[in-house]
Amino acid sequence: MPTITGAAATRTPSPSALAESVRRVPILWLALLATPVAAANNATVLILGDMSRSLGISTAGASWLVTVFALALAVATPLIATLVRRRGTRTALWLSAAFVAVGTAVVATSSWLPLTLVGRAGQAAGGAGMMAIAMNLAGTARRMGVISAGFGILGAVGPLLGERLTDALSWRAALSVVLVTLLAVPAVSRHTTRVPTTEGRFDTRGAVLLAVLSSSLVLLPSNPLPALAAAAVTGSLLSLHIRRRPDGYVPAVALRSRLFRSSVLIALALSASYFTLLFAIPQLIADRADWSTGSVATGQMVAMIIGSALTLGFAAVAARLGHTRVRAILIAVGVLAATAAIFAHSAIILFVAIGLAVFSATGVNATQSMTAASAVPDSQRPTGIGLFQLAYLMGGALGPALATLLVLG
């Protein structure tokens, strides 16, 4: 099994791994490319009621607009990562931009929930591409830390931004903030010129099985028995398929790596905890401390910005700490955040909890994505990052469902 040191976790990929990047893309362009997705996702936190009233459905029904977005993000991320490896970054970039534009047009005009869900899925598929491309071009934990901190900061601004846009315009405007990502597309595209040689036949069966397995796991909180049965069957089929095709959509070399597996599991757990608290804490503060919606949004935003900013410093020193110590810190902070949310009745402590939660989630994204990528061969780097992001974003899909089940429902 591969082993890794703290320094190795932050190494820059070999020239062959980034063959189509003529020169390193400025990190601010990569951050602008990736981070609006976080604002688009979190913009729904405080406007579920407006969305449900507009569409004539329950709050639980409106939460599907959140779950579908997060699930489509998760499922599309490894698909786009595979597209990057097979067709190059430029093709994946412009295809992702098209998904964002078309999906947003559907969301902005549809008054029928199923069609609106399709539009949200299109937005998410495009956003997944932007995230996968940005993280694949980042190259180091420090630069990844900038992107992850940007996720947290834009995610922090998202709820208040969504509320303000909803009050001023409509909830559809709040769900359209992902369009900001398109501003970075031309600049990033200019840095991608060479296209890699086409590989062998695409592993369609592996991609479908992984998508079904991911969807089944996300649906566990709302439909436990059918989802569990589907996950068990699909997981077994996927395991058999990987044995037959070890170099396919889910490479066996990644699954054999204990380092890769542990990075993925930690990302899933801390991400699910963060996104659960993100949607639950506003309601917990309203119930336990009787704060207004605007005050909650402002307090949560400040706490999340502070937590995200801490990620920048943490990512910068992560290599010196070593991956074992880094993981221990992130897990301890995540557990502390969840414990505070369960037992605290003070609004201030609940704000601290969401700040700690966003730090643990963005910190795991910044550090463990590099660790996961380092656990696979350079040729599989985009796939490794894509599978890691799948696990992280599955937490984003599970969070709203768990929050609805435990607090909002």
I'm checking my understanding of the structure. Among residues of the range 24-63 that are surrounded by fewer than 24 Cβ atoms within 10 Å (Cβ to Cβ), small (Gly, Ala, Ser) and in a loop (DSSP other than H, G, I, E, B), which one is farthest from the chain's Cα centre (by Cα)?
56
Of 113, 161, the only residue that is open to solvent by 20 Å² or more (accessible area, probe 1.4 Å), touching a residue at least 60 places away in the same chain (Cβ under 8 Å) and in contact with a helix residue (DSSP H, G or I) (Cβ under 8 Å, 6 or more places away or on another chain) is 161
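Residues checked against (1) under 23 Å from the mean Cα position of the chain (by Cα); (2) among the polar types (S, T, N, Q):
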{"residue": "188", "(1), (2)": "yes, no"}
{"residue": "203", "(1), (2)": "no, no"}
{"residue": "208", "(1), (2)": "yes, no"}
{"residue": "219", "(1), (2)": "yes, no"}
{"residue": "223", "(1), (2)": "yes, yes"}
{"residue": "232", "(1), (2)": "no, no"}
{"residue": "251", "(1), (2)": "yes, no"}
{"residue": "267", "(1), (2)": "yes, no"}
Only listed residue being in a helix (DSSP H, G or I), free of Cβ contacts under 8 Å to residues at least 60 places away in the same chain and over 14 Å from residue 352 (Cα atoms), chosen from 329, 306
329
So which helices (runs of 4 or more DSSP H) are wholly in the range 202-266 and hold at least 3 residues that are hydroxyl-bearing (Ser, Thr, Tyr) and free of Cβ contacts under 8 Å to residues at least 60 places away in the same chain?
224-244
Criterion: modelled with pLDDT of 90 or more, of a type outside the set (D, E, K, R), over 14 Å from residue 175 (Cα atoms) and open to solvent by less than 10 Å² (accessible area, probe 1.4 Å) - qualifying residue of 144, 130:
130
Answer from 322, 294 - the residue that is surrounded by fewer than 16 Cβ atoms within 10 Å (Cβ to Cβ) and on the phi < 0 side of the Ramachandran plot:
294
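The values are calculated or read from the model by the stated rules, or taken from the named source; none is laboratory data. Bear in mind the structure is a predicted one, so any value in this text is a computation, not a measurement. Here Cβ is always computed from backbone atoms with ideal geometry, including for glycine, and neighbour counts include all displayed protein chains. When the accessible area is computed, the model is the full protein with side chains, heavy atoms only, and any ligands, DNA or RNA have been set aside. Shrake-Rupley method; radii C 1.70, N 1.55, O 1.52, S 1.80 Å.
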